[in-house]
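Report on the structure given below.
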Amino acid sequence: MKIAAAALFAALAANQSTAFAPTRSSNVISTKLSSTMQPPERTAPDAGYVPDWEGRTGLAPEEFIASDMAKPDLSGMWECPLTRWDSENIDIAEAQKICSEQPHCPLEMTASAEDNAKGAAFFSENKEQIRADLLKYGAIWFRGFDLMKSVAGNREMHEALGLDPCLDPLHSSGLRKFASERDALYEEVNKPSLRQHYIGLHNESTAKRTAAYAAFVCFQRATEGGGRFLVADGAAILAELKPETLEKLYNRKIRISVSNLDIPPALPGVVKEGIKGLVDVAVAPKFDMDLEMIYESDGKPGRLQAVETAESPINRHPVTGLPVWFSNTHNHARKLRDRRPCGVPEVGMTEVFYADTMVPLDLEDCEEIKRASEKHITALSMEPGDVLLVDNYRALHGRDVFQGDRFHAVTWFTWDQNEAWRGDERRIVEKNAFNQAINQMMDWLPKDFESNQS
């Protein structure tokens, strides 16, 4: 049972934060959700802006993966910091007005020949402006920089900016293994088993832990198409949502179920409670989340779900105080997942509930979140050397489905200018063994699994 439960939580975390749609033109196609009882049609989600590819090439794998062994080992990095919540007494109308005045996210910075000649010096010389722009825009897309075509150069970039690496919020989840552990660089979601799974918009966050910043880097774009990286401004989404929908979700709060374990409904109550207790005691503590094990919260007989604590979908930015849409609902709502490409088994399916009643979000609210979110998605055409620097409290991210092989990676960062927010926790070694075990389980999944559980 412990092995089965561990496999359960492997699939669980692969969808938690845990960031796809097929490549398409910049013409946005409306995809209204259907409320019929038949399995809904799966349709590629929209994007507001789809920039063209430029056809830049990268390095060979053996070249881009090489670490600079003269640099110190970063594997003992900081633990991911605790989530900074400041969500009380937000005036929705005022918040929407302020958010509507924010500049477009992401800011795009394209390297000139002179910029490339400077290498890491470009980033050290412009550090203060780049850090200020990150707060202002929520994300910066660095395009055409040769420096970041390799693991070693990517590290030079973020060190020049003074960013301090930390663990993934769900390091033990198995969602990402290290691309280069000594460089604090995680492989992004490139697993063949998840290449046909669209990852919706989310902050890299749980109710308990949230990375402050992130740097997503492309070393190899998808060899056979797709794989666009998605980013959207949480301020723009908040401004876009219908006020009545926003008020409803803010007042009622949400809870997110991050996994399903279907138990035969006919089992005696004492057996079902024993299974629930085993999962609660033996597996859940391995994940740094506050989870409650609840039976049948989505109405399916015998289903045991791991549910996070109640949280507000709106949060004030810890530094700027700007109210933003800070919610993983676009990624986790079952009514959205069932209507787009989805490549996880039922055990890894998620759901979003109104916290006050534990009833799943209704179709109308899901449709409005889809509309407002996807209107503001930029589906980035990231190519080798491109980096998306993200303020994780301001911008949400996701990923398109892809074909072939793809190699993107990410480094998470803690609060480098506030020790109290950063905390004093360093990497817990025992988490790494669990991370490796779950990664092996994830690699056993079929390469082109498609969920069909609607």
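Annotations for the structure displayed:
- Residues located in segment 336-370, provided they are among the charged types (D, E, K, R) and more than 22 Å from Pro39 (Cβ to Cβ): Asp356, Glu368
- Picking from residues in segment 293-325 that are under 30 Å from Lys136 (Cα atoms) and of a type in the set (Gly, Ala, Ser), the one that is most open to solvent (accessible area, probe 1.4 Å) is Ala310.
- One residue alone among Gln417, Gln440 is over 24 Å from Leu194 (Cα atoms) and modelled with pLDDT under 95, and that residue is Gln417.
- Test: residue in segment 262-280 that is more than 23 Å from Trp85 (Cα to Cα), assigned to a helix (DSSP H, G or I), in contact with a His (Cβ under 9 Å, 6 or more places away or on another chain) and among the aliphatic types (A, V, I, L, M): no
- Residue match in segment 57-64 (condition: of a type in the set (Phe, Trp, Tyr), at pLDDT 95 or above and in a loop (DSSP other than H, G, I, E, B)): no
- Condition check for Gly343: touching a Phe, Trp or Tyr at 6+ places or on another chain (Cβ under 6 Å) and assigned to a loop (DSSP other than H, G, I, E, B): yes
- Criterion: part of a strand (DSSP E or B), at pLDDT 90 or above and more than 24 Å from Lys242 (Cβ to Cβ) - qualifying residue of Val307, Val352, Val324, Val319: Val307
- Within segment 175-215, the set of residues being farther than 26 Å from Gly404 by Cα, modelled with pLDDT under 90 and buried (at least 24 other Cβ atoms within 10 Å of the Cβ) comprises Thr206 only.
- Among the residues of segment 65-122, those identified as exposed (fewer than 12 other Cβ atoms within 10 Å of the Cβ) and part of a loop (DSSP other than H, G, I, E, B) are Met69, Ala70, Pro72, Gly76, Glu88, Asn89, Asp91, Glu101, Ser112.
- Segment 152-162, residues that are open to solvent by 10 Å² or more (accessible area, probe 1.4 Å) and of a type in the set (A, V, I, L, M, F, W, C): Ala152, Ala160
- Against the test of being more than 27 Å from Pro318 (Cβ to Cβ), acidic (Asp, Glu) and not in a helix (DSSP H, G or I), the options Glu367, Glu383 yield a single qualifying residue, Glu383.
The values are calculated or read from the model by the stated rules, or taken from the named source; none is laboratory data. All values derive from a computational prediction rather than experimental measurement. Backbone-built Cβ (ideal geometry, glycine too); neighbour counts: all protein chains shown. The area values use the complete protein model at the heavy-atom level, side chains included, leaving out ligands, DNA and RNA. Shrake-Rupley method; radii C 1.70, N 1.55, O 1.52, S 1.80 Å.
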